[in-house]
Amino acid sequence: MIYSVSGKLIHIEPSYIVIECNGIGYSIRTSMTTVAKLPQMGEKATVFTYLHVREDALELFGFYDLSELNTFKMLISISGVGPKAAISILSDLTPERFALCVATGDAKSLTKAQGIGLKTAQRIVLELKDKVAKEQIASGVVGETVLDVTNKTGNASEAISALVVLGYAQSDATQVITKLDSSMSVEDMIKNGLKALAGKL
């Protein structure tokens, strides 16, 4: 598995980029969110990658950060959601915004992505919400802290659910969110939570 590619950015399109590494140009499919965050052409760039293997092709997908890569992996694990659909969603929504849509059951926002119908969006929300519920059950008696947070503010509980959607453990998510100012918006809580969790890795 290729974990990441780092080298000179020599070509940019809306749906893919080319990074030259040791004389080899790697064509990497990516989201518009990642393209917007990359440096100028000719400069050094690093993307985290996923190698998708099909019978007739090998495709390399690249992402600006691990949150986006993890969201992509979760999306393609859902029946009926392929890499193209996952990239379409990630081009329209940041990982934080996507996690928030799932945590709040907002399937409609996912349909704004090209090629994503309501049924597919509802299946994504349902399956990933189930994942959050299972994570909450598995984490057992972190429960008291979670309940405490939920009672204080709905924002904190939504932020915790969103971080779980992004692949973090319920206990870790609860720990970082409880330290934040309860008056923050959900999106700010998610962003700050991601920074705190990245520092723990």
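The values are calculated or read from the model by the stated rules, or taken from the named source; none is laboratory data. Everything numeric here is computed off the predicted structure, so don't read it as measured data. Quick reminder, even Gly has a Cβ in these numbers, built from the backbone with ideal geometry, and neighbours come from all protein chains shown.
Would you mind finding the one in H11, H52 that is closer than 23 Å to L128 by Cβ, touching a strand residue (DSSP E or B) at 6+ places or on another chain (Cβ under 6 Å) and not hydrophobic (A, V, I, L, M, F, W, C)?
Numbers: H11 fails: closer than 23 Å to L128 by Cβ.
Just one listed residue meets the conditions, H52.
I'd like the full set of residues that are surrounded by fewer than 17 Cβ atoms within 10 Å (Cβ to Cβ) and within 21 Å of the chain's Cα centre (by Cα), limited to region 1-34.
M1, I2, Y3, S4, S6, P14, S15, M32
In region 28-35, is there at least one residue being under 25 Å from L166 (Cα atoms), without any contact (Cβ under 8 Å) to a residue 24 or more places away in the chain, outside any strand (DSSP E or B) and in contact with a Leu (Cβ under 9 Å, 6 or more places away or on another chain)?
In the first step, residues of region 28-35 are kept if they are under 25 Å from L166 (Cα atoms); the result is 28-35.
Remaining after also requiring without any contact (Cβ under 8 Å) to a residue 24 or more places away in the chain: 35.
Checking which are outside any strand (DSSP E or B) leaves us with 35.
The next check asks that each one be in contact with a Leu (Cβ under 9 Å, 6 or more places away or on another chain); those that pass are none.
No: region 28-35 contains no residue that is under 25 Å from L166 (Cα atoms), without any contact (Cβ under 8 Å) to a residue 24 or more places away in the chain, outside any strand (DSSP E or B) and in contact with a Leu (Cβ under 9 Å, 6 or more places away or on another chain).
Does M189 meet the test of being modelled with pLDDT of 90 or more and outside the structural domain of G82 (by TED's automatic domain parsing)? Write out each step before concluding.
Numbers: modelled with pLDDT of 90 or more: yes; outside the structural domain of G82 (by TED's automatic domain parsing): yes.
Yes.
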